[in-house]
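First comes the structure, then the notes that go with it.
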Amino acid sequence: MKISHVDFSGWQANKVTIFTGAGMSAESGIPTFRDRMTGLWARTDPMEIATPWAFRAHPQRVWDWHVHLGGAVLTASPNAGHRAVADLEQRGVHVTVITQNIDNLHQRAGSTKVIELHGNLLRLKSFVDEEAAFAAERPPMICPVCNGYAAWEEHDPYANRDDLLAIQLLAGPVPHCPGCGALLRPDVVWFGEPLAPEALDAAWDAVEQCDLLIAVGASLEVEPAASLPWRALQKGARVIEVNPAPTALAEHCHASFAGSAAEVLPTLLASLWATT
Ligand code: APR
């Protein structure tokens, strides 16, 4: 049966955007960043392990921290909240997920329209040390394997993209691009780095298009992501927040549920959609 509209006490929505932060995955066993006792930043200074400068200075330390987080991600499973969002899409509702999370859990739950604002921990890319690359005698070349700047031209002409894709986020020495030898790093957005323009454009577009945005498990402390739910509110979409610790958005949005993603979302999404 095709569900083509949302009916929630007189609200009608045809395009829904689900905006998620680390709290969305908390019940899957992945720590959040800023929860007081359990947050990752309560135990580690993000400037030490989540910036390009930290990686340039101590690549192995940064790699090892991401491998440890990757262990939690690989053993995690989507929770009832992820599944409720994916079910909605499978029932024919126009759903776009904008996630700040790097854990792939929305996709593993079955959501197909997922915008990864901050990248994906399990995807690797080359560390583009532009300083080194452009300081070299000759201008850097673009490595055909990793598309990064190769500071030197002795690249392996027989290496290809599959050789790069075969490398995983695993314990051990920091791996190198098989083509040009550049260090590899997780394809996530570190502090001080810009978001991928295509992801950010898609996110703004999903906010402009939606008539309902549900913000789940986000502290709304990191820009530009934090502005997205506010933009939805400003342009007249209905906005709902799901967070056990309501943010400033709660006083302005249309409904705020001070509960967890896995507890609230299944009931909330079921009550939002009337079958027609
Ligand atoms: N269900 C829903 N929300 C929860 C749950 C839960 N079970 N548990 C915690 N929360 C809420 C917290 O109250 C908090 O508001 O999730 C939010 C998590 O906030 P952060 O740890 O700051 O995570 P996030 O908002 O995703 O951080 C944004 O900051 O460090 C960067 O790149 C990192 O993407 C991250 C960004």
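Provide Rg and Dmax in Å for the stretch 159-246, with only Cα atoms included in the calculation.
Rg then Dmax for the stretch 159-246, in Å: 18.5, 51.
List the residues whose amide H sits under 5 Å from the amide H of Arg123, counting only those 5 or more places along or on another chain, with H placed 1.01 Å from N in the peptide plane.
Asp187
Return the long-range amide H neighbours of Val242 (sequence gap of 5 or more, or a different chain), with a cut-off of under 5 Å between placed amide H atoms.
Ala215, Val216, Gly217, Phe257
Counting only protein heavy atoms and a 1.4 Å probe, tell me what percentage of the stretch 77-207's accessible area is made up of carbon and sulfur. Before the final figure, lay out the partial values.
Numbers: 3440 of 6300 Å².
Of the solvent-accessible surface of the stretch 77-207, carbon and sulfur hold 55 percent.
Using the per-residue mean of other Cβ atoms lying within 10 Å as a proxy for protection, in what order, highest first, do the peptides 242-252, 159-169 fall?
Packing order, densest peptide first, comes out as 242-252, 159-169.
Counting only C-alpha contacts under 8 Å and six or more residues apart, can you give the relative contact order of the stretch 75-124 as a whole percent? Before the final figure, lay out each step's value.
On the way: 60 pairs, mean separation 19.4, N = 50.
After rounding, I find 39 percent.
Evaluate the relative contact order of the stretch 147-276 (contact order divided by residue number), counting alpha-carbon pairs under 8 angstrom at least 6 apart; express in whole percent.
Normalised by residue count, the contact order of the stretch 147-276 is 15 percent.
Along each of the three principal axes of the Cα atoms of the stretch 1-139, give the extent in whole Å, ordering the values from largest to smallest.
63, 42, 25
Leaving out ligands and nucleic acids, note down the accessible area per residue over the stretch 15-68 with a 1.4 angstrom probe, in whole Å².
Values: 2600 Å² over 54 residues.
Dividing the accessible area of the stretch 15-68 by its residue count gives 48 Å².
Please give the per residue accessible area of the stretch 154-276, computed with a probe of 1.4 Å over protein heavy atoms only, in Å².
Details: 5780 Å² over 123 residues.
Accessible area per residue, the stretch 154-276: 47 Å².
Averaging sequence separations of C-alpha pairs under 8 Å and six or more residues apart, then dividing by the length of the chain, give the relative contact order as a whole percent. Working shown, then result.
Values: 531 pairs, mean separation 68.8, N = 276.
About 25 percent, as a whole number.
Can you tell me the accessible area per residue over the stretch 89-148, all protein chains present, probe 1.4 angstrom, in square angstrom? Numbers along the way, then the final one.
Details: 2750 Å² over 60 residues.
Using a 1.4 Å probe on heavy atoms only, each residue of the stretch 89-148 averages 46 Å².
Per DSSP H run of n ≥ 4, the term is -39500 (n - 2.57); total these for the chain, divide by its residue number, and report the mean residue ellipticity at 222 nm rounded to 500 deg cm²/dmol.
-9000 deg cm²/dmol
What is the sum of charges around Gly39, taking Lys and Arg as +1, Asp and Glu as -1, for the other residues whose C-beta is under 14 Å from the C-beta of Gly39?
With Lys, Arg at +1 and Asp, Glu at -1, the net is 0.
The values are calculated or read from the model by the stated rules, or taken from the named source; none is laboratory data. A quick note: this is a predicted structure, and the numbers were derived from the prediction, not measured. Note: ideal-geometry Cβ built from the backbone for every residue, glycine included; neighbour counts use all protein chains shown. Just the protein is used for accessible areas: all its heavy atoms, side chains included, with ligands, DNA and RNA removed. Shrake-Rupley method; radii C 1.70, N 1.55, O 1.52, S 1.80 Å.
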